[in-house]
Every structure is written in C-alpha cells, then in structure tokens.
Amino acid sequence: MNKYKLIMSDLDNTLLPIVTQEKFVEIWFRDIAAKFRAYGLEPLRAAEGVNQGVRAMLVNESGRKNIDVFYEAIEKNCGYSREQIEPPTLDYYATTFENVCDITRPNPFAPQIASLMRRKATYAVVATMPVFTIEAVEQRLKWVGLQPEHFDDVTTARNSTFCKPNPRYFQEILDRFGVKPEEALMIGNDVREDMRPCRELGVDTFLVTNYLITHDLPYDEFRRGRYEDLIAFLEAL
C-alpha cells in the first residue's frame, strides 16, 4: 500500500527549469502585446490589462474561479471585454508562447519524476501557479517531455479558486481528490510558495534545491535535495 494517496509537483523551476523569471515575463509581455496589436487592440493597454488580471488572480479569495476574476479585472482596468481579449490570448499560447522555451533548460529527470509520482500514489497532480489556461501549461510540460495526460490533474486558472501561497489553493486540490493532508506530498522549489503553506496544512514536502527559491526564508526544517535525491526518495516509498 502506498504511503501517499496524492503526490503534487510544482512546474516552473521544479519540473521545468527556467533561466530567470524576469526574462520569462519580459518575453511574455513583448509577444502578447504584439499578438494584441495583430487583433486590432491597443497593445500596451491590453497587455497592462492582462498584467492587472494576473495580479487579481494572485490575491483572489472571492470564491470564484481565477479565470473569471482575471477577465473581470481586465475589463475594469483597461476596458477590453473577455470577448476581445480571449481570442488573441489563446492564439498567443497556441503559437508565439513557444518563444519562452528559449529561456528554459532541459530536465532529463522530469519524465522519471512524473512516472514515479503515478506509481507511488493514487493521484498525481501538477500543482503549478494557476494563472494560466491549460493551453499554456501544456506547452510548458511539453518542453520537458510531459503531457497533461501523464497526470490526474493540472491546476489552471479555469479549475482553481486560489493561488499560491494561500494554503486554500492546496486544500482545494486535497478536497478535489478526497485526500487528507497527511496522505499527501508536495514537491517544489519555492520555500514561500510551496513548502510553507503545505507545512501549515500538514502536507508532507520535498524541497528540490536545483533551482531553489528561498525569499530569504529559512528552510532547514524541510526534507530537501537535488533531482537525484528526489528520485531516490520516491523510489524508496
């Protein structure tokens, strides 16, 4: 019998190494603005509206899905409706978003980690910051040889009501699968976003240190190691 019923893993800088988040945002803003221009929208106005929409999702506690909060904030801040913003945004993620791949690194360990997650638990979930649609997450998974179908669920703006580091984001995943905190494991690289909220809930954790983000917070209390250590830990379950 497996120790865990649910194993969750973060995506960015856990399964998918990214050179810098700042460069990621720079390329994203440049390319999505160009896509808005191609659809006849004022590019900076629309891109800033999307930026405000993302900020609204990050603090969402309204009880509504992040995607609805996103489009509501865009209309409030820049005047563009969902009907105007959604087509170029989806087009961007289906086409130009591929440019972001240039600032990611390969991770030959990702497929093995995903396979072990499935083997060592009843459910395996990609617990990535849910400010993207599935189209964007699918692209990022593809860059390390994975697909959404390798997991039982992937958190997105459409199926999530909270964001990290709100513990209710993780509780929502637990509730979705009927799993108690002590029956779950979270794998991540970020002390503030992944480790602390899970520890608060009573979810077990593994801190991946290859691309560690600490926010100057202590992390000695957390089980941790590099990709090889994570694989050894999962294999021993």
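Karplus-derived 3J(HN,Hα) values for the stretch 211-226, using 6.51 cos²θ - 1.76 cosθ + 1.60 with θ = phi - 60°, are 10, 5, 10, 9, 6, 6, 9, x, 9, 4, 6, 9, 4, 8, x, 7 Hz; glycine and proline are entered as x. Can you work out the PRE-style zone for Glu98? Point 7 Å along Cα to Cβ, and I want the residues of the stretch 122-145 with backbone N under 14 Å. Hits in the stretch 122-145 for Glu98 at 14 Å: 139-140, 142-143. For the stretch 6-141, the equivalent ellipsoid derived from the Cα gyration tensor has semi-axes of 29, 18, 12 Å, listed largest first. Once the Cα atoms are used to define both axes, helix 110-119 deviates from the longest principal axis of the chain by about 60 degrees.
As a ratio to 2.2 N^0.38 Å, the alpha-carbon radius of gyration for the chain is 1.01.
Phi angles of the stretch 144-150 translate, via the Karplus equation with coefficients 6.51, -1.76, 1.60 and θ = phi - 60°, into HN-Hα couplings of 10, x, 10, 9, x, 5, 6 Hz per residue; Gly and Pro are given as x.
Over the chain, with every protein chain in place, what whole percent of the accessible area is carbon and sulfur at 1.4 Å, could you tell me? Intermediate values should be presented prior to the final figure.
Values: 5190 of 10560 Å².
Of all accessible area on the chain, carbon and sulfur atoms account for 49 percent.
Once the Cα atoms are used to define both axes, helix 21-38 deviates from the longest principal axis of the chain by about 30 degrees. Note on Arg119 and Val25: their simple-model spin labels are 3.9 nm apart, each label 7 Å out from Cα toward Cβ.
Put a dot 7 Å past the Cα of Asp68, heading toward its Cβ, do the same for Asn2, and the two dots end up 3.2 nm apart. When both bridge partners sit in the chain, DSSP labels roughly 5% of those beta bridges antiparallel.
When you count, for each residue, the other Cβ atoms within 10 Å and take the mean per peptide, how do 28-36, 210-218 rank with the highest first? Working shown, then result.
On the way: 28-36: 18.9, 210-218: 12.9.
Top to bottom by mean Cβ count within 10 Å: 28-36, 210-218.
Straight-line cross-link partners of Lys142 among the lysines, defined as a Cα under 27 Å from its Cα and at least 8 positions apart when in the same chain: Lys5, Lys23, Lys35, Lys65, Lys120, Lys164.
Once you have the Cα-Cα distance between Arg176 and Gln112, take 0.36 nm times their residue separation minus that, and quote the gain in nm to one decimal. Walk me through the intermediate numbers first.
Values: separation 64, 0.36 × 64 = 23.04 nm, distance 2.51 nm.
This chain segment gains 20.5 nm when fully extended.
The values are calculated or read from the model by the stated rules, or taken from the named source; none is laboratory data. Quick caveat, the model's predicted, so the values are computed rather than measured. Counting neighbours? That spans all protein chains shown, and the Cβs are built from the backbone with ideal geometry, glycine included. The area values use the complete protein model at the heavy-atom level, side chains included, leaving out ligands, DNA and RNA. Shrake-Rupley method; radii C 1.70, N 1.55, O 1.52, S 1.80 Å.
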